[in-house]
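Down below is the structure, laid out as structure tokens.
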């Protein structure tokens, strides 16, 4: 890849402004991703940040993962499995995305259930926090009455 870059006059490292422009994120976001150890940079002789070209793919991956609700900690853990000595290839990205497949399938199922329950909730119009199965689906304390049962001392903390 470095030979391709050199042959086509492409720089091997990019300044932060160029990374931001090419990845369509603000410079502050590039710095934030670096502070969260999602991407790394090297310092130039003038102490300026320089990023390897593959950081553009990593930022695209980070943004896509964030859009589907994956936490930065999980994104960092996944990115840490990628090779450090070369740009990730298709197989690397496929392996990485497979890690999240089950979680994403569960999220999709949950969103479908939420959508279907929300339709029922809007139609029923109960607006009840005590009995609404959407707003309070697993409330085990509801059988003891409304309000802060533990705070009032009516129910012991178990």
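The values are calculated or read from the model by the stated rules, or taken from the named source; none is laboratory data. Please read all numbers here as calculations on a predicted model, not as lab measurements. Neighbour counts run over all protein chains shown; Cβ positions are idealised from the backbone, glycine included.
Between a first residue in region 92-103 that is free of Cβ contacts under 8 Å to residues at least 60 places away in the same chain and on the phi > 0 side of the Ramachandran plot and a second residue that is assigned to a helix (DSSP H, G or I) and surrounded by fewer than 14 Cβ atoms within 10 Å (Cβ to Cβ), which pairs have beta carbons less than 7 Å apart while being 6 or more apart in sequence or on different chains?
none
On the given criteria, is residue 78 assigned to a helix (DSSP H, G or I), surrounded by 15 or more Cβ atoms within 10 Å (Cβ to Cβ) and modelled with pLDDT under 95?
yes
Residue-wise test of (1) without any contact (Cβ under 8 Å) to a residue 24 or more places away in the chain; (2) assigned to a strand (DSSP E or B); (3) surrounded by 15 or more Cβ atoms within 10 Å (Cβ to Cβ).
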residue	(1), (2), (3)
14	no, yes, yes
45	yes, no, no
51	no, yes, yes
56	no, no, yes
60	no, no, no
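Would you point out which residue out of 111, 96, 134, 72 is within 27 Å of residue 35 (Cβ to Cβ) and at pLDDT below 90?
So the residue among 111, 96, 134, 72 that is within 27 Å of residue 35 (Cβ to Cβ) and at pLDDT below 90 is 96.
So how many residues does region 84-110 have that are farther than 14 Å from residue 69 by Cβ and assigned to a helix (DSSP H, G or I)?
12
Yes or no: region 13-29 includes at least one residue that is modelled with pLDDT under 90 and over 18 Å from residue 72 (Cα atoms).
No, there is no match, as no residue in region 13-29 is modelled with pLDDT under 90 and over 18 Å from residue 72 (Cα atoms).
Determine whether region 19-38 contains at least one residue that is under 17 Å from residue 84 (Cα atoms), without any contact (Cβ under 8 Å) to a residue 24 or more places away in the chain and assigned to a loop (DSSP other than H, G, I, E, B).
Within region 19-38, not a single residue is under 17 Å from residue 84 (Cα atoms), without any contact (Cβ under 8 Å) to a residue 24 or more places away in the chain and assigned to a loop (DSSP other than H, G, I, E, B).
When you scan region 114-126, do you find a residue that is out of contact with any helix residue (DSSP H, G or I) (no Cβ under 7 Å at 6 or more places or on another chain), modelled with pLDDT under 85, part of a loop (DSSP other than H, G, I, E, B) and more than 30 Å from residue 39 (Cβ to Cβ), even just one?
yes
Yes or no: residue 104 at pLDDT 85 or above, surrounded by 10 or more Cβ atoms within 10 Å (Cβ to Cβ) and in contact with a helix residue (DSSP H, G or I) (Cβ under 7 Å, 6 or more places away or on another chain)?
No, not satisfied.
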